[in-house]
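Please treat every number below as a calculation from the coordinates, not as lab data. As the structure is a prediction and not an experimental result, all values here were calculated from the model. Glycine gets a Cβ as well: all are built from the backbone with ideal geometry, and neighbour counts include every protein chain shown.
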Amino acid sequence: MLIENEKLNIEEFKSLAPTLNWLKLPRKLGPNHTEYFYSSKYEDSSTIIKVTIRPSLWMSVSESFKNRMPMDGSIPKPDYKGPVVEWGSYAEMAIDESVLNKIKEWAKPPANVPTQTMTW
């Protein structure tokens with residue numbers, strides 16, 4: 001598990017981070033001032049991991065497990081026919097420039113998607 005007792009397992013995150021698809025998302029504050037968010041999401045058949053790094057050097061990590069029991073997050077028995085949910089945890093921590101610089105190496109700008117505009 002990546003998060004245990006609301007604490008990030010740093011060694012496991014270090015091994016996972018290079019395999020994630022990092023996006024560099026701009027936040028334009030003025031004509032000559034742009035900051036960036038860095039975001040990543042990983043999903044497989046049993047796990048969802050979302051990571052966001054804000055310009056203020058705070059990182060949030062959420063880890064969710066699919067198809068869990070609603071009351072306690074345990075794995076349902078094979079013959080269980082009731083509702084299941086995603087069950088997980090969240091951690092937030094300050095990072096330093098060395099972490100941000102490593103993420104910058106892996107980050108790519110998002111694909112050029114035209115902006116959709118709605119008016120009444």
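Counting other Cβ atoms within 10 Å of each Cβ, which trypsin sites (Lys or Arg not before Pro) in the stretch 54-90 have at most 12 and sit in a DSSP loop?
Details: sites: K66, R68, K81; in loops: K81.
Taking the stretch 54-90 and a limit of 12 other Cβ atoms within 10 Å, the loop trypsin sites (Lys or Arg not before Pro) found are K81.
How would you order 98-104, 108-114 from highest to lowest mean count of nearby Cβ atoms within 10 Å?
Details: 98-104: 14.3, 108-114: 7.4.
Top to bottom by mean Cβ count within 10 Å: 98-104, 108-114.
Expected output is a single nm value to one decimal: the length gained when fully extending between F65 and N9, i.e. 0.36 nm times separation in residues minus the C-alpha distance. What is it?
18.5 nm
Below 8 Å between Cα atoms, with a sequence gap of 6+, how large is the relative contact order for the stretch 3-106 in percent? Mind showing how you got there, number by number?
Values: 166 pairs, mean separation 23.7, N = 104.
This gives 23 percent for the stretch 3-106.
Give me the log10 of I(q) over I(0) for the stretch 34-86 at q = 0.15, 0.19 Å⁻¹, as the Debye formula computes it from C-alpha points; what are the numbers?
-0.55, -0.70
Going by C-beta contacts inside 10 Å, put M118, M59, M69 in order with the fewest on the left. Could you put the intermediate results ahead of the total?
On the way: M118 4, M59 19, M69 16.
By the 10 Å Cβ count, ascending: M118, M69, M59.
Only bridges whose two residues both fall in the chain count here: according to DSSP, what percent of them are antiparallel, nearest 5?
On the way: 32 of 33 bridges.
Among the beta bridges of the chain, antiparallel pairing accounts for roughly 95 percent.
Taking 4 °C and 1.567 mPa s as the conditions, I'd like the Stokes-Einstein D for the stretch 3-106 in µm²/s, using the Kirkwood hydrodynamic radius from alpha carbon pairs.
Diffusion coefficient, whole number: 84 µm²/s.
How would Y36, Y80 line up from fewest to most surrounding beta-carbon atoms within 10 angstrom? Mind showing how you got there, number by number?
Working: Y36 18, Y80 11.
Placing the least packed residue first, the sequence is Y80, Y36.
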